[in-house]
Each structure stands twice: as C-alpha cells, then as structure tokens.
Amino acid sequence: MKILLLEPFFAGSHQLWAEGFQNFSTHEVKILSLSGRHWKWRMHGGAVALADLFLADTYQPDLILATDMLDFGTFLGLTRHRTANIPTAIYFHENQITYPWSPTDPDLILKRDNQYGFKNFTSAIAADQLYFNSNYHKNSFIAALPNFLAQFPDYQELSQVEKISAKSKVLYLGVDLQQLDVFKIADKMDVPLLLWNHRWEYDKNPEAFFQALFQLKSEGIPFKLAVLGKNYKNTPAIFKEAAIKLKNEIVQFGKVKLLRGYAEWLWKADILPVSNNQDFFGQSVIEAMYCNCFPILPKQLAYPEHIPPAHHANYFYEEQEDFYLKIKSAIQHIEETRKERTQSFVKHYDWRTLAPIYDKQLENNYAKDKLS
C-alpha cells in the first residue's frame, strides 16, 4: 500500500515519528513536509503549501495520513480532484483544545486562541479515521469538545462529537527504543543522579521540578543533576535561577547534540522526577524508563497507561509535597532505587513491535473505506 504522510511541522518528535514509521512500516510511506517552525502559521498556511507540493507531483497514494498540525479540510478541498476517493486518517500527537496555553501568549490574552482548536475539530470531521497517541489524549479531546463548541453563538454542531468518537482509536507513539541499547553503560555516579530530559518550556512545569531540588539542597541531601532537552528564546526564568543555585550539583546543563550523548545520560541517570502539566504521551519519559531510570510521575495525563496498576504506588504522586518526598526517599534508598527495572513496562512502544500494528490498522482503514 502507498501511504502519503503529511507533516507541516517536520521537527522534534513529529519528525522522529514520521521517519520511524517510514523506516519500519512494510508499506511504501512517502513524507510530504514543511520545516518545523512557526507552528501557528503552519496550522493556517501549511495546508495551502502542502497542497501545492502534492499537486506539483504525480504521486498518487492509496491512503493519506496527516497529523494534527494540518488544516486537513483545507488540504482536501484544494486537492479534491485527486484526493476525493482516497481514504484518509489523522494522527493526533497533540491538540489545541486541551493543550495548556502559555499564560503570556498574546492569542490567549486577546481571546483569539480558539481558531487552532477549531482547526483540529474540522480536521477530525474531514478525516475517515482518527488515531491518538494515548487513551488519555483520545478521551480528553472528545470530552472537551462539547464545552468547546458550546461557546459559539449557533450551529454548534454538537452532533459531530459522537461521530468523531466513533471513528477514534488509539495508536501509541512508536519510538526507536532499541537504538538506545547500543550506548548502554553500567557505570553510576558516586551520588544519585537526577535527570531532566524534556523541553525547557512552561508546560513541563520546571518551577515545581526545581523548587523540589532547591529544598533537597537546603536539607543537605546530596545529589547530582543532568538537565537535557531543547531550550527556546522564551525559556522560563527558573532555568537561569537553577543554573546559579545548583551550580555545584549540575553535571550537564543543555541539549546534547548526538544520540550517543543523550543515551549515555539516560543510562547513567538514577531518578527521573517529572512535574509536567502536559503530556499526551511522554516520549522523553518512555526513553528514560527504557534505560531503567526510576520515574516519579504525577498520577494524571498519559503516565498511568505506561505502568501496570499493581506498580502505581511505587512511581506516582498526587500532591507537590508527595513529589518532593518521593524524590527524597528514592535518593535516601538509592541502592534499592537502582535495582528497579522499568524497561519491561515500556519496551512494547518500540517501532519493531508497533509498526506491524500501525500497518494493520491502516490496512483496515483502507479496506473499510473501499467497502463503504
């Protein structure tokens, strides 16, 4: 089967996912993409640009798979003479209805933030099948639609919610986890090593993370810290504060460019305290867990799906004070912490396991559409 994958934001986890599916699928997957910057403009203009690229080519797929950053209805409208009879699907990495907005974003302040969520809504209507990267993501998106639509003055189209729900499924995010095995190291530091391996942004709640570490230091509890992940021009100020206050604990501060360096830090790290306010899947958490880094997770978002319920008490917290206490306990009992093995919880997210499931789902999508 020939699959056209449309990605208007080709960077970061979106790019890794697209290339991973292309590499591991048994189908022919052609990626049509735009560079991963200016995300708001990509949601507005990306459909026009990708439609132009598609129409300039002769490639005729059996199925079109888009991602949530595309205004899919506009793309299909502009290419209808070639795409009208092609089955379609969308993969939702995130959505702009339930994603927490930055409190400093001017669109939020000026109350013009709904347009991006509405594009997700119309794209969901336009596609034949919807795939979400976790049950949490699917359920939260569908649950949020009625209130989101109810704010509009008329023709709210609430009946579309049930239709969207009926064609929604979960396909967990594929990750090339086995590539991390190549860089496995057994050495640990003399003191416990804590890890941050997320983007340096507001939705990852770095204030709660660093405040817990400031408290550890004030109590004289020894630890080291590796802060990885991509930073941006609007990086929260807490990172600069942490660089000063934790200068004696920090052993790495900033993104590492090569996979080897990133993987080695994951294998070397002992504890992954997670304070995030947003994660529809949590790839960075999965990668750390694959390397047996002990996770301390909020009991919300997608995280409970990654660990069997019988083990939840070991890894989850519900209050900020519990977050700190779990970190402290993991440090004080570091020998027991280092014996924990979390790889078995997440290894099924590797593309070698998930790619055949993706292929089967998309084959069913294609067959169902052709029969209808």
Item to check | Single match in Y116, Y155 (criterion: touching a residue at least 24 places away in the same chain (Cβ under 8 Å), aromatic (F, W, Y) and not assigned by TED's automatic domain parsing to the domain that holds I307) | outcome: Y116
Item to check | Answer residue from region 25-41, given it is without any contact (Cβ under 8 Å) to a residue 60 or more places away in the chain and small (G, A, S) and is surrounded by the most Cβ atoms within 10 Å (Cβ to Cβ) among those | outcome: S33
Next on the checklist: I'd like to verify a number: residues in region 329-372 that are surrounded by 13 or more Cβ atoms within 10 Å (Cβ to Cβ), among the polar types (S, T, N, Q) and closer than 18 Å to M289 by Cα, how many?
Outcome noted: 4
Item to check | Residues being more than 17 Å from N231 (Cα to Cα) and surrounded by fewer than 21 Cβ atoms within 10 Å (Cβ to Cβ) - total across region 197-215 | outcome: 4
Item to check | Residues satisfying the stated conditions in region 239-283, i.e. outside any helix (DSSP H, G or I), surrounded by 19 or more Cβ atoms within 10 Å (Cβ to Cβ) and hydrophobic (A, V, I, L, M, F, W, C) | outcome: L246, A269, I271, L272, V274, F280, F281
Item to check | Subset of region 67-87 [in contact (Cβ under 8 Å) with a residue 60 or more places away in the chain and among the polar types (S, T, N, Q)] | outcome: T67
Checklist outcome for this item: Taking region 24-50 and keeping residues assigned to a helix (DSSP H, G or I) and either of a type in the set (V, I, T) or over 26 Å from the mean Cα position of the chain (by Cα) (or both) leaves V48
Checklist entry - Can you find even one residue in region 287-295 that is in the same structural domain as W200 (by TED's automatic domain parsing), assigned to a strand (DSSP E or B) and more than 21 Å from E207 (Cβ to Cβ)? => result yes
Next on the checklist: Looking only at region 158-186, filter to residues that are among the small types (G, A, S) and either not in a helix (DSSP H, G or I) or not assigned by TED's automatic domain parsing to the domain that holds E363 (or both); which one of those is surrounded by the most Cβ atoms within 10 Å (Cβ to Cβ)?
Outcome noted: G174
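The values are calculated or read from the model by the stated rules, or taken from the named source; none is laboratory data. Source: prediction; values computed, not measured. Counting neighbours? That spans all protein chains shown, and the Cβs are built from the backbone with ideal geometry, glycine included.
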